[in-house]
Structures are given as structure tokens and as C-alpha cells.
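Take a look at the structure below.
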Amino acid sequence: MDLIASTDALLAACQRLSQHPFVTVDTEFLRETTYYPKLCLIQMAGPDPAEAYLIDPLAEGMSLEPFMALMANPAVTKVFHSARQDLEIVWNLGGIVPSPLFDTQVAAMVCGYGDSVSYEQLVNDLAKAKIDKSSRFTDWSRRPLTDAQLTYALSDVTHLVQVYQSLIAQLEKNGRLEWLTEEMTILTSPETYQADPDNAWRRLAGRLRKPREIAVLMEIAAWREREAQGRDVPRGRILKDDAVIDIATSAPRSVEALGRLRSIPNGFERSRTGADILEAVERALARAPATIPVPERSRGRGNTGSTVDLLKVLLKAVAEQEGVAPKIIATVEELEAIAESDTADVPSLHGWRRRLFGDKALALKNGELGLVLERGRVKLKPIAAA
């Protein structure tokens, strides 16, 4: 089993695959020691079992331009499983997002396989095969790769062909292919993969409430993100999450105050990095109050707790009835928004989600729909107007 290790061989493989309506794709990468994932292997396959390829992006002189051209080819659907990280890699290396796109994990959710169905389960259920997972967590950057690694890597795309064909057949039969459109639109949007340092604070915002804390968090998180990107190291190598939270909570304004924080290593406060942090804190404290966002959970939902609980029961009942994973219909945050407002601008009140669930949610909230228990199952029951 040979690796494609030259641009000419990659071009020939991509030209053959471009003749098919779809191509399955997967990648192997490492990111434990870097901010950006390091691409170590690319796997691709077409409908023809003979057309399955392993590409070595680490080979000397290798250009990935033919691969990027295939990923951008509008005539070929790119099939991934749990695509987000793979798409991030393509975006970082080529500045494009593969399109048109089909994510089998999302499709499986629409077909009722649960919120986060594994690739192994789909292969077992739909391709009637088993995958040897022993090579999953090996070092894909080391050369030569073992036969076990290559076999495992190739199986990720060869079995995916049958998984894709089975799922798309189910979606077409059920008339639900259009349901994927919104999810694929999000996945193929460049904004999904642009790591804006100014938004880095949102990952940790749920743990803080006060405006001053949020202001400091915004500055420290943005500084850390820029440092990590510039040095291509994980965020935690710059500053641990706990340290970011401690700084946001205490807002130290002196070297001594920074050094007193338990999450800050000894001597750190007197380094250049310590000075950068203190400058960031000062910028935060100088922010105009109007420029400090209010955390979503701090806005409150009024007395809607019971309504949210009922909506959760409704969501589970609708998901079971329709054979769809609850997660793809609505999130808990959306249920909270619906409980607060009939006109909430959330996905579950638009398109197919509204027809499937949103209208029922509003009817339940407004006393026009009831939930009853029949033989251990929740059933929906319209309530006649008085």
C-alpha cells in the first residue's frame, strides 16, 4: 500500500476522482503541540473500490494544489464524517472550504442515529464492517507509517462510500435531504473557521457575570489568542484557562497583585508576558461600559423554568416520533429563548425545524397543545379553545 508522495501523482489521482459525483475524504493530523493542526495524511476514495488513495502532505516537494482544486470543484460532492476539524485544516492551508459538502454525522442525526453517532457505529450498521481502531491515536507525523496505520487510514474513506450512499438513500426516501442545507451552509462558511481573537472570550464567558470581569476576560483572551496564533502553540502554553479566569476575576493592576494569583507560575509576573497581561488589564478597565457585552445567561429568562422543562419533554417526544436526533432540531439555549419570546430568532423557529417542532413549541407554551402519557410514551394532544 503506497503513499502518494509527488505532486504529479496527486494531480493524476485528483483528476480521476473529479470524474465522479462524489469523493470521500478524511485527514490525520496532530495538534497537541501547535495552535494550528499539522496535516500528516490525506485519505480519499471514489465510488470505484479501485480508486482509493493515501496522500503524504509531508513528502518533500509536495504541493497540495491539485487536492485544493478538487475540494473546490463544484461538480463533486465532498463527503466527510464529523467534518469540522478536517475543514478547518483545508481552510488554514488553502483558504477554501470544500463545497458542496455532505457530513455523514449530521446526516445520521437527521436519520435518527442520535446526537453524536460515531463513524464506527455507522460503518457497523450501514457497511456491515468493523474497523480496527488500534492505530487511531498513533503518531501520524512519523515516517514510515506502518501497514496497520495505512490500513486503518484507508478504511476511513472506503467504508465511508457505502455509509454515504446508504444515508443519502434514506434522506431521499424520507424527503429530508433539504434538511441538511442549513447545517452544510454553516460548515461551508469561512467565518466558521476564522479564529477571531476578539471573540476568544466567549469560550470562557459562562463562568463570569460582572461587567468588569467580562471586560478583563475579553482583553486577556484576545491577547492570549494572538500570542498562540503568532507562535503556533496551544493556548494553554501561553496561559491556562484557569489563569485567564483568575485574572478576569481579580483584575490585578500591579506585578505584586499578579504574582499573588495561585494559577500564575512563580516569576511569571516579572516577565514580558506578565507586563503584557497587566497592560491588557488596564485596557479592560478603561473600556466604556457600553462596549462590554452582557453574557447570555446573565440576561435572565424570567420565570420560564417550567416552560423550558415542558419544551424539553416536547422536543424528546417529537424527536422520537420523527426519528431525528434532538440536538439537530433545537438546543437548550433555543428552548430558553422560545420560552421567553414567541418571536425569538432561533433556528428552531425557522424552516423545517419550525414545521417539525417550533409551531408545536409555541402551541404548548400558549396552552394550545398538551402532553399526555400513554403506555409509557409522551403523546401530543391539541387543546380545544374554551
Among all residue pairs at least 6 apart or on different chains, which show Cβ distances below 8 Å where the first residue, located in segment 155-182, is of a type in the set (Asp, Glu) and the second is part of a helix (DSSP H, G or I)?
ASP156/TYR119; GLU178/TRP352; GLU182/PRO347; GLU182/GLY351
LEU101 fails exactly one of the following numbered conditions: (1) out of contact with any strand residue (DSSP E or B) (no Cβ under 7 Å at 6 or more places or on another chain); (2) aliphatic (A, V, I, L, M); (3) closer than 29 Å to VAL318 by Cβ. What is the number of that condition?
(1)
Is one or more of the residues making up segment 342-353 touching a residue at least 12 places away in the same chain (Cβ under 8 Å), among the basic types (Lys, Arg) and over 19 Å from LEU177 (Cα atoms)?
no
With the structure loaded, tell me whether ILE338 is touching a Ser or Thr at 6+ places or on another chain (Cβ under 9 Å), buried (at least 19 other Cβ atoms within 10 Å of the Cβ) and in a helix (DSSP H, G or I) or whether it fails that test.
yes
Residues of segment 57-83 that turn out to be in a loop (DSSP other than H, G, I, E, B), buried (at least 17 other Cβ atoms within 10 Å of the Cβ) and touching a residue at least 60 places away in the same chain (Cβ under 8 Å), as a count
2
Quick check, is GLU219 touching a Pro at 6+ places or on another chain (Cβ under 9 Å) and either of a type in the set (S, T, N, Q) or surrounded by 15 or more Cβ atoms within 10 Å (Cβ to Cβ) (or both)?
no
Among the residues of segment 205-237, count how many are closer than 15 Å to ILE277 by Cβ and either touching a strand residue (DSSP E or B) at 6+ places or on another chain (Cβ under 7 Å) or part of a loop (DSSP other than H, G, I, E, B) (or both).
0
What's the number of the condition ILE292 fails, among (1) surrounded by 13 or more Cβ atoms within 10 Å (Cβ to Cβ); (2) at pLDDT 95 or above?
(2)
Test LEU315 against the criterion of being buried (at least 16 other Cβ atoms within 10 Å of the Cβ), in contact (Cβ under 8 Å) with a residue 40 or more places away in the chain and within 19 Å of VAL106 (Cα to Cα), and give yes or no.
yes
Looking only at segment 165-182, filter to residues that are under 20 Å from the mean Cα position of the chain (by Cα) and buried (at least 18 other Cβ atoms within 10 Å of the Cβ); which one of those is nearest to LYS128 (Cα to Cα)?
LEU180
Provide a single number: the residues in segment 118-144 that are closer than 25 Å to TRP352 by Cβ and in contact (Cβ under 8 Å) with a residue 40 or more places away in the chain.
2
Residues (assigned to a helix (DSSP H, G or I), closer than 27 Å to VAL106 by Cα and either at pLDDT below 90 or out of contact with any Asp or Glu (no Cβ under 6 Å at 6 or more places or on another chain) (or both)) located in segment 188-204
PRO190, GLU191, THR192, ASN199, ARG202, ARG203
Determine whether segment 255-276 contains at least one residue that is assigned to a helix (DSSP H, G or I), under 31 Å from the mean Cα position of the chain (by Cα), within 24 Å of ARG203 (Cα to Cα) and among the hydrophobic types (A, V, I, L, M, F, W, C).
no
For segment 93-132, enumerate the residues that are among the hydrophobic types (A, V, I, L, M, F, W, C) and part of a loop (DSSP other than H, G, I, E, B).
ILE96, VAL97, CYS111, VAL117, ALA127, ALA129, ILE131
Restricting to segment 1-56, count the residues that are of a type in the set (A, V, I, L, M, F, W, C), out of contact with any Asp or Glu (no Cβ under 8 Å at 6 or more places or on another chain) and part of a loop (DSSP other than H, G, I, E, B).
1
Return only the number of the condition from (1) more than 19 Å from ILE186 (Cα to Cα); (2) under 27 Å from the mean Cα position of the chain (by Cα) that LYS327 does not satisfy.
(1)
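The values are calculated or read from the model by the stated rules, or taken from the named source; none is laboratory data. What you see is a predicted model, and the numbers here were worked out from it, not measured in a lab. Neighbour counts are summed over all protein chains in view; Cβ atoms, including those assigned to glycine, are modelled from backbone coordinates with ideal geometry.
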